[in-house]
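Enquirer: Take this structure, written in structure tokens, and hold onto it; I'll ask about it next.
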Amino acid sequence: MKEIFRNELKKLSPYKPGKPIQDVQKEYGLNKVYKLASNENPLGCSPKVKKALIKCMDNIHLYPDGNATLLKKKISDLTEIPVNRILPSSGLDEMIDLVAKTFINKGDEVIISDNTFIRYMDTTKIMGGVPVVIPLRKDFSFDLEKMLEKINNKTKLIWICNPNNPTGTMISRKELINFVKQVPKDIVIAYDEAYKEFATDKNFPHNSIELLSNHPNIIIMRTLSKAYGLASFRIGYAIASEEIIENLNKVRPAFNVSTFAQAAAIAALDDQAFIQKTIQNNNKGKKYLYKEFDKMNLFYIPTQTNHIWVNIKKNSEEIFKNLQKKGIIIRPMKGTNIRVSIGLPQENEFLVQCLKEELNLCV
């Protein structure tokens, strides 16, 4: 019998999401479980979102606006970018897939950093591209110099996540500008800003859109899953040149963003006061966890996101399973490292308590 599946799938594994709260509660007989694994907003979403969703109920039987007209207009008003250079997507997962489908041919080389968002690697392989993986620097940041050294006539695309998931490190504005200037114009830079709202360092490139005027090979990708608390709606968007947007549209499903997601996004973008509350909670939680990790003598990477990479000096899978039994879900990483989302004060305090128990640090 002949092989029916594409060769590119042989070395790929299906994505394995963490257990939902309900499953952990049922498995261990727990009344309360805190999820600090997926970098979701512990404050939920803006109250304006819930009001906007109610207004959509009468139109459930109708297809969504395939052009996302009102959402594009809202993003355009906020960014001062023309609507024909904006493309909403069903989360950044879909946008990453669209970028890969649009640009990567079989055999094309794609530069990716080690320890970054896994979807970049998967979509590259799905399209038959050749990943060129660059190790992180000793401070866990991207090695942009090594990326530039690996560029050759086979290079088609470079993935950049800033701030980076899962390490929480960032590329400064000066570093980014210098890097972009040295990348040839026929190589696409897919620049993922999923966590930009949480970046507090004054050197972070908060206004990355400024790069678009001189560098038409950049695609800026943003999401409303994190700071805006719309993870379940799967809503993100890209900003790029008109030519790039036109070609991304060729591979985009016709009705990829639901009516509810569009309405939720417009309402969320309209409530910047909620974003400020989210950032304040994140900054407060970050300081608390830093202090407690210092007391426990644990190595962690100072973060520009809403999650922290921590070395807990024990097998991360074992700690992950034990913490679930106590009622807290985290993300195990390589070896003895874990990634923990920054939650509400009571969630952060419970995490610290459970870690102390697991690491035999209780007095």
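Enquirer: When the dipole is taken about the Cα centre of the stretch 1-45, and only Lys, Arg (+1) and Asp, Glu (-1) are charged at their Cβ, what size is it in debye, to the nearest 20? Before the final figure, lay out the partial values.
Expert: Working: 9 positive and 5 negative charges, 32 e Å.
Approximately 160 debye in magnitude.
Enquirer: A further question follows. Using 0.36 nm times the number of residues separating residue 174 and residue 57, minus their current alpha carbon distance, what extension gain do you get? Don't skip to the answer; put the middle values down first.
Expert: Details: separation 117, 0.36 × 117 = 42.12 nm, distance 4.68 nm.
Additional length available on full extension: 37.4 nm.
Enquirer: Using protein chains only and a probe of 1.4 angstrom, how many square angstrom of residue 56 are accessible, to the nearest 10?
Expert: That residue has around 20 Å² of solvent-accessible surface.
Enquirer: If you place +1 on the Cβ of every Lys and Arg, -1 on the Cβ of every Asp and Glu, and leave all else neutral, what size is the dipole of the chain about its Cα centre, to the nearest 20 Debye?
Expert: Details: 53 positive and 40 negative charges, 133 e Å.
That gives the chain a dipole magnitude of about 640 debye.
Enquirer: If you place +1 on the Cβ of every Lys and Arg, -1 on the Cβ of every Asp and Glu, and leave all else neutral, what size is the dipole of the stretch 96-222 about its Cα centre, to the nearest 20 Debye? List each step's numbers first, then the result.
Expert: Values: 17 positive and 16 negative charges, 35 e Å.
That gives a dipole near 160 debye.
Enquirer: Keeping all protein chains in place and using 1.4 angstrom, which order do 46, 258 fall into by accessible surface area, from largest down? Don't skip to the end; give the middle numbers.
Expert: Working: 46 0, 258 45 Å².
Solvent-accessible surface, decreasing: 258, 46.
Enquirer: Anyone know which of 327, 29, 129 comes out most mobile in the 10 Å Cα GNM of the chain?
Expert: For the chain, modelled as a Gaussian network with Cα springs under 10 Å, the answer is 29.
Enquirer: Just need log10 I(q)/I(0) for the chain at q = 0.10, 0.12 Å⁻¹, Debye formula, equal scatterers on the alpha-carbon atoms, no solvent, rounded to two decimals.
Expert: Debye curve over Cα of the chain, log10 I(q)/I(0) at q = 0.10, 0.12 Å⁻¹: -0.66, -0.96.
Enquirer: While we're here: For the chain, what does the helix formula give at 222 nm: sum of -39500 (n - 2.57) over DSSP H segments with n ≥ 4, over the residue count, nearest 500 deg cm²/dmol? All intermediate terms of the calculation are to be shown ahead of the outcome.
Expert: On the way: 12 runs with 137 residues, N = 363.
The per-residue figure over the chain is -11500 deg cm²/dmol.
Enquirer: What nm value, rounded to one decimal, do you get for the distance between residue 137 and residue 31 when each label is placed 7 Å out toward the C-beta?
Expert: Here the modelled spin labels are 5.0 nm apart.
Enquirer: While we're here: Per-residue accessible area for residue 61 at 1.4 Å probe radius, Å² rounded to 10?
Expert: That residue has around 140 Å² of solvent-accessible surface.
Enquirer: Hand me the trypsin sites (Lys or Arg not before Pro) from the stretch 12-107 located in a DSSP loop with no more than 15 other Cβ atoms within 10 Å, in residue order please. Kindly include the intermediate steps, with their values, before the conclusion.
Expert: On the way: sites: 26, 32, 35, 48, 50, 51, 55, 72, 73, 74, 85, 101, 106; in loops: 32, 106.
Within the stretch 12-107, the qualifying trypsin sites (Lys or Arg not before Pro) (loop, at most 15 other Cβ atoms within 10 Å) are 32, 106.
Enquirer: Over 22 Å between Cα atoms, which of 291/334; 106/196; 156/185; 19/295 qualify? Can you show the working numbers first?
Expert: Details: 291/334 24 Å; 106/196 32 Å; 156/185 10 Å; 19/295 30 Å.
From the list (291/334; 106/196; 156/185; 19/295), the Cα-Cα distance tops 22 Å for 291/334; 106/196; 19/295.
Enquirer: Also, I was wondering about something else. How many Å² of accessible area per residue for the stretch 176-238, probe 1.4 Å?
Expert: Numbers: 2260 Å² over 63 residues.
Ligands and nucleic acids excluded, the result is 36 Å² per residue.
Enquirer: Could you pull out which residues in the stretch 117-153 have an amide N less than 17 Å from a spot 7 Å beyond the Cα of residue 9, following the Cα-Cβ vector?
Expert: 122-129
Enquirer: Keeping all protein chains in position, work out how much accessible area residue 121 exposes to a 1.4 Å probe, and write it in Å² to the nearest 10.
Expert: Around 40 Å² of this residue is reachable by solvent.
The values are calculated or read from the model by the stated rules, or taken from the named source; none is laboratory data. Quick caveat, the model's predicted, so the values are computed rather than measured. Quick reminder, even Gly has a Cβ in these numbers, built from the backbone with ideal geometry, and neighbours come from all protein chains shown. For accessibility, only protein heavy atoms count, side chains too; no ligands or nucleic acids. Shrake-Rupley method; radii C 1.70, N 1.55, O 1.52, S 1.80 Å.
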